[in-house]
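Data first, discussion second: the structure below is written as structure tokens.
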Amino acid sequence: MPAHDVRLAAPLALDADVCSRACDARDSRFDGLFFVAITSTRIYCRPVCPARVSHRDRRRFYPSAAAAEGAGYRPCMRCRPELAPGRAAVDAVPRLAEAAARRVEAGALNGRSVADLAGEFDVSERHLRRAFARELGIAPIQLALTHRLLLAKRLLTDTRLSVTQIAFASGFQSLRRFNAVFQERYRMPPSALRRPSPARATSQSDVRADLLRLTLGYRPPLAWDALLSCFARDAIDGVDVLDGRRYGRTVSLDGCTGVIFAEDSAKERSPGTAHLDVDISLSLVPVLMPLLARLRHLFDLDAEPATVDAHLGREGLGEMVRCRPGIRVPGALGGFEAAFRALLGGWPDDRRPLDVGVARRVVSTLGEPVECSAPGLERLLPTAECVAARGSDALVALGVPTLRAVQLAELAQAIHTGRISLERGAHSTDLVRALLAIEGIGERLATTIVMRASSWPDALSSSSGAPSIAAWASHDGTFGAQAERWRPWSAYAAMHLWAR
């Protein structure tokens, strides 16, 4: 591997070992990047196919469904390769339906129409409805109702919110409509789930009156202390606080502001109940659905740690895995936040990190204040719109080095105008290419931003200044060969190396 190298989506390059690992794990993040054909059955599948895994010797890998069919294989009837999220023109409709469904799950139709959602993707409402019908077999509003009702059921069971609060928090626009749909779908009124529950009373007993406690489940183990160390590294006074094993921060989402606190106390629970306790400002209840989705991304709670740890443990990182089982790749609540923290925070760098006072001054000047009673949490991170409007000169005046000020201002402008999208679902290779086009942003910064913004599991740069990565990269030129063995979970290997 050259001195500066990046491991991202496209470089899967259909390496048989790498693709087989992704297939064995059924990791959905590789769905659509390649297809696996089985020589004994002459069938080709997506890497997430639920069918029984075949022997590795019988697998052949192809970059597209067309290539597999050209080699004489027919599509699997279970995983339906035509539904894989692809990037070619023929995959446009499946890709649209998958991306739109993800937006619906995060509450995109709460108080908005299907036409509004279609406008986000620059397609007509009719075309979006056809895409849902063809790929998912359901109308967009029906999918939205399912997500709303499941969240409402959870809030009815686990919180003390009133039925009216729950109705609106779940995305319904009227209490009457909520009651009618709940009765129709579940054959009972919402109040039937409000019977006194000891579990609910206990879960709320130690929470302030202005906070709502919910849980976010995950697959154990979870290296919570290592994750907290990552958050501590780029914590900004006024925005983040760490109190023991509890992490808190300010949040702004769709016009609602508040704070959240998260803590893992899995050691105190029985097996099978692993989850984070998350306390959320009541002011954020109106955006609860999209907020919960973003929090899962922030803490990387959808990872498969058993699979990742087993693989990295076999490939030279066994001691690190034993020290930090269940390590996660920290995310961000928004794409611009990932860029802001990477450029102004304390993440590993091949240069001397900025003084922590620089980020604090930028936040104090450009970040909006938050009204809350939580000590130490008083400011929001600046938005891309705000930074773009103030420009690089304002950042330089606050102590940001000229080059980084220009980078941050240009990136903020690109995000604000829609030229670059750092939200989840964007293609990692395209994001890196767009970031490298900004003067002075190199592979290390681009990789770090993409890794945190889009949760890409195969991102690794040997140009990082972290001592362990630098040592690997300079040791007899073997870093490239070793890094290939860590794939397709190179980002998790990077977290272990950074943590040493």
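Listed values, structure above:
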item: Filtered residues of region 122-133 (kept if open to solvent by 60 Å² or more (accessible area, probe 1.4 Å) and within 19 Å of residue 419 (Cα to Cα)); result: 122
item: Complete set of residues in region 407-428 that are touching a residue at least 60 places away in the same chain (Cβ under 8 Å) and either more than 22 Å from residue 294 (Cα to Cα) or of a type in the set (Lys, Arg) (or both); result: 407, 408, 424
item: Cross-chain or 6+ apart pairs with Cβ under 6 Å, region 48-61 first and outside any strand (DSSP E or B), then acidic (Asp, Glu) and open to solvent by 70 Å² or more (accessible area, probe 1.4 Å); result: none
item: Meets criteria (out of contact with any strand residue (DSSP E or B) (no Cβ under 9 Å at 6 or more places or on another chain), open to solvent by 30 Å² or more (accessible area, probe 1.4 Å) and within 20 Å of residue 219 (Cα to Cα)) for residue 28; result: yes
item: Pairs, first over 15 Å from residue 69 (Cα atoms) in region 27-40, second of a type in the set (Gly, Ala, Ser) and assigned to a helix (DSSP H, G or I), C-beta under 9 Å, six or more apart; result: 29/22; 30/22; 33/10; 33/22
item: Criterion: touching an Asp or Glu at 6+ places or on another chain (Cβ under 7 Å), touching a residue at least 40 places away in the same chain (Cβ under 8 Å) and farther than 26 Å from residue 96 by Cα - qualifying residue of 444, 404; result: 444
item: Test result for residue 193, more than 29 Å from the chain's Cα centre (by Cα) and open to solvent by less than 60 Å² (accessible area, probe 1.4 Å); result: yes
item: Cβ pairs under 8 Å, 6+ apart, first in region 155-180 and on the phi > 0 side of the Ramachandran plot, second open to solvent by 50 Å² or more (accessible area, probe 1.4 Å) and not aliphatic (A, V, I, L, M); result: 171/111
item: Checklist (1) farther than 18 Å from residue 460 by Cα; (2) open to solvent by 40 Å² or more (accessible area, probe 1.4 Å) applied to residue 363, failing item; result: (2)
item: Residue 253 being within 25 Å of residue 342 (Cα to Cα) and open to solvent by 10 Å² or more (accessible area, probe 1.4 Å); result: yes
item: Check on residue 147, part of a helix (DSSP H, G or I) and within 23 Å of the chain's Cα centre (by Cα); result: yes
item: Positions within region 216-260 being of a type in the set (Ser, Thr, Tyr) and modelled with pLDDT under 90, in sequence order; result: 218
item: Residue in region 229-247 that is among the aromatic types (Phe, Trp, Tyr) and either within 20 Å of residue 324 (Cα to Cα) or surrounded by fewer than 17 Cβ atoms within 10 Å (Cβ to Cβ) (or both) present; result: yes
item: Selected residue (criterion: modelled with the highest pLDDT) from residues of region 70-101 that are closer than 15 Å to residue 121 by Cβ and acidic (Asp, Glu); result: 98
item: Residues satisfying the stated conditions in region 12-47, i.e. of a type in the set (Val, Ile, Thr) and in a loop (DSSP other than H, G, I, E, B); result: 39, 41
item: Residue within region 479-488 that is open to solvent by less than 10 Å² (accessible area, probe 1.4 Å), at pLDDT 85 or above, closer than 17 Å to residue 335 by Cβ and under 24 Å from the mean Cα position of the chain (by Cα) present; result: no
item: Residue selected from region 31-42 under the condition surrounded by 21 or more Cβ atoms within 10 Å (Cβ to Cβ) and farther than 18 Å from residue 456 by Cβ, by the criterion farthest from the chain's Cα centre (by Cα); result: 37
item: Output for region 383-428, where each listed residue is open to solvent by 10 Å² or more (accessible area, probe 1.4 Å), assigned to a loop (DSSP other than H, G, I, E, B) and modelled with pLDDT of 90 or more; result: 383, 398, 399, 401
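The values are calculated or read from the model by the stated rules, or taken from the named source; none is laboratory data. Computed from a predicted model, the values in this text were never measured in an experiment. All Cβ positions, glycine included, derive from the backbone under ideal geometry; neighbour counts span all protein chains shown. Areas reflect the complete protein model, heavy atoms only, side chains present, ligands, DNA and RNA absent. Shrake-Rupley method; radii C 1.70, N 1.55, O 1.52, S 1.80 Å.
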